[in-house]
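J.: Input: one structure, supplied below.
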Amino acid sequence: MQTNFSLTQLADPAMAASEKILRTCVHCGFCTATCPTYLLLGDELDSPRGRIYLIKDMLEGGKAAVPEVVKHVDRCLSCLSCMTTCPSGVHYMHLVDHARSHIEETYRRPWDDRLLRAVLAFVLPYPNRFRLALLGAKLGAPLRPLVARMPRVGNRLAAMLDLAPAQLPNRNPTDRPGTFPPETRALEASAALHGTTAPARTGRIALLRGCAQSVLRPDFNEAAIRLLTRHGVEVVQAKGEGCCGALTHHMGKAKSSHAQAKRTIDAWIAEMDGPGLDAIVVTASGCGTTIKDYGFMFRDDPAYADKAARVSALAKDVTEYVAGLGLMPSIIASDLVVAYHSACSMQHGQGIRTEPKSLLKTAGFTVKDVPEGHICCGSAGTYNILQPEIAGRLRERKVANIERMRPDVIATGNIGCATQIGKGTAIPIVHTVELLDWATGGPMPAVLEGLPDRLVLAAAE
């Protein structure tokens, strides 16, 4: 793609990076075949290629964002399926992130949109605030029909109420800063099985506590801690760590997202420079994609460029890390059929496609791929609140594809997907790590307690 940026414009590192991305695009249109919004809406401007043209015109012309551009960029899920499809290697993620930041700086949204985005940015990255908000949503649930009829904001407020859990999980004792030592007995048993000497530990990792996930599904990280310590890993949840910044980053709020990321980087660097870390493990793939991109995000920050790059280099999804360890032999014999939903941030953002499924198969489960597995479920951070109609259609499509396979359980590696899909089906949904934990000695995931007796009994034998 030919570009005409001025030398003054290219002196801005963000603009120079975007100009390089734009020049990579060859207009082939392969991306349109896998773009969820183009599949649903059929509008070229709601495809990656169309958005690239809009972003190019806006940035190259030094223009403030206008409503037409904002509408189509806002409709982008950042699912990154286009990046998997693109034969030219266009780094669309960095381009659309720059466009969102530019929109935030140059465009004054309508009052209702500004208010909703401000509330989401104020609440979601902070677990205590989020917990209070969910309690309020539970009280407000009976008013949903009235809320939905409110002008301008009703559909989005109703979407927020719909996504709130009917029963808020209790606070989890493992959701705290601290260190969880490796299970000595598990190490000794494994060593005896293989005729070797048990090591003191097999690794030391920092586990991201996260923000929304720690409130909605604290059982995800609890299972990860059990699984990792059972495999001889010392797990630390760093003091001072907070939200990774992903939620606000994808709303274009660079200042707040970078502040959140810096706090978390500092917490992990303290562990890296102190006792040391073998990896930074993440159980929410949406967070993992952003953390792995810290090196790019802070590339021009003299105080954080090196620290951010070090953190990104250590970041791993939990299945990526466990695959490197080697999974213990399963102690259950299960007839469970698992539909594996690969989150967009997992398969497209991080390029992790085989590890979760291989681990589940090693653990003894029957794993089925979901048809149209490359198409987003509609969660996409805050997308299912900000664009509820499109998100709802994508959820219906995803759930229909899953239910067609008639699985006993759905496994995924991202809290957003678990929440989004879980609101559209009665099939229980778990984190992949919960099944791996169960197979190697942990408790059966609580959401599976209502399974048919044949499956439960088979698993217990």
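J.: Which semi-axes, in whole Å and largest first, does the equivalent ellipsoid of segment 252-349 have when worked out from the alpha carbon gyration tensor as the square roots of 5 times its eigenvalues? Mind dumping the intermediate values first?
T.: Values: eigenvalues 187, 62, 19 Å².
Taking √(5λ) for each Cα gyration eigenvalue gives 31, 18, 10 Å.
J.: For VAL367, list long-range residues whose amide hydrogen, built 1.01 Å from N in the peptide plane, is under 5 Å from its own amide hydrogen.
T.: Here the answer is VAL338, since their amide H atoms fall under 5 Å of that of VAL367.
J.: Apply the Debye scattering formula to the chain, with a single equal point scatterer on each alpha-carbon and no solvent, then give log10 I(q)/I(0) at q = 0.08, 0.10, 0.14 Å⁻¹.
T.: The Debye formula, applied to the Cα set alone, gives -0.47, -0.74, -1.44.
J.: Which of the lysines could be linked to LYS262 by a straight reach, that is with a Cα gap under 18 Å, when you skip same-chain ones fewer than 8 residues away?
T.: Correct list for LYS262: LYS239, LYS253, LYS292, LYS307.
J.: Please give the helix 48-60 orientation as an angle from the longest Cα principal axis of the chain, in degrees from 0 to 90, rounded to the nearest 10.
T.: So the helix axis and the longest Cα principal axis differ by about 50 degrees.
J.: So, one more: Take every Cα pair under 8 Å in segment 29-125 that's 6+ residues apart, average their separations, divide by the length, and report that relative contact order as a whole percent. Could the numbers behind the result be given before it?
T.: On the way: 77 pairs, mean separation 27.2, N = 97.
Over segment 29-125, the number comes to 28 percent.
J.: Next question, about the same structure. Evaluate the distance, in nm, between pseudo-label points positioned 7 Å from the Cα of ASP266 and of CYS28 along their respective Cα→Cβ axes.
T.: Roughly 4.5 nm, to one decimal.
J.: Can you tell me the mean projection area, over all orientations, of the convex hull of segment 41-182's alpha carbons? Units nm², please.
T.: Values: hull surface 53.0 nm².
Convex hull of Cα atoms, orientation-averaged projection: 13.3 nm².
J.: A further question follows. Rounded to whole Hz and in sequence order, give me ³J(HN,Hα) for segment 288-295 from the Karplus expression 6.51 cos²θ - 1.76 cosθ + 1.60, θ = phi - 60°, writing x for Gly and Pro.
T.: So the J values, rounded to whole Hz, are x, 4, 5, 4, 5, 9, 3, x.
J.: Quick one: accessible area per residue over segment 310-415, 1.4 Å probe, rounded to a whole number of Å²?
T.: Details: 3870 Å² over 106 residues.
Averaged over the residues of segment 310-415, the accessible area is 37 Å².
J.: Ok, one more. What ³J(HN,Hα) values, in whole Hz, does the Karplus curve 6.51 cos²θ - 1.76 cosθ + 1.60 give for segment 345-353 when θ = phi - 60°, with x put for Gly and Pro?
T.: Couplings: 5, 7, 7, 8, x, 10, x, 9, 10 Hz.
J.: Checking the cross-link filter: which lysines have an alpha carbon closer than 18 Å to that of LYS138, excluding same-chain neighbours under 8 positions apart?
T.: Within the straight-line limit of under 18 Å, LYS138 reaches these lysines: LYS423.
J.: Less than 17 Å from a label point 7 Å out along the Cα-to-Cβ axis of ASP74: which backbone N atoms in segment 37-59 qualify, by residue?
T.: Taking a point 7 Å out along Cα→Cβ of ASP74, the residues of segment 37-59 whose backbone N falls under 17 Å are 37, 45-47, 51, 55.
J.: Sticking with the crude label model, points 7 Å out along Cα→Cβ, report the distance from LEU146 to ARG108 in nm, one decimal please.
T.: If labels sit at LEU146 and ARG108, their model points lie 3.3 nm apart.
J.: If R₀ is 22 angstrom, what is the calculated FRET efficiency for the pair GLU449 and LYS138, using the beta carbon separation as r and rounding to 0.05?
T.: Details: r = 23 Å, r/R0 = 1.02.
E between GLU449 and LYS138, to the nearest 0.05, is 0.45.
The values are calculated or read from the model by the stated rules, or taken from the named source; none is laboratory data. The model shown is predicted, which means the values in this text are computed figures rather than measured ones. Heads up, the Cβs are rebuilt from the backbone with ideal geometry, glycines too, and the neighbour counts pull from every protein chain shown. Side chains included, ligands, DNA and RNA excluded: accessible areas come from the protein's heavy atoms. Shrake-Rupley method; radii C 1.70, N 1.55, O 1.52, S 1.80 Å.
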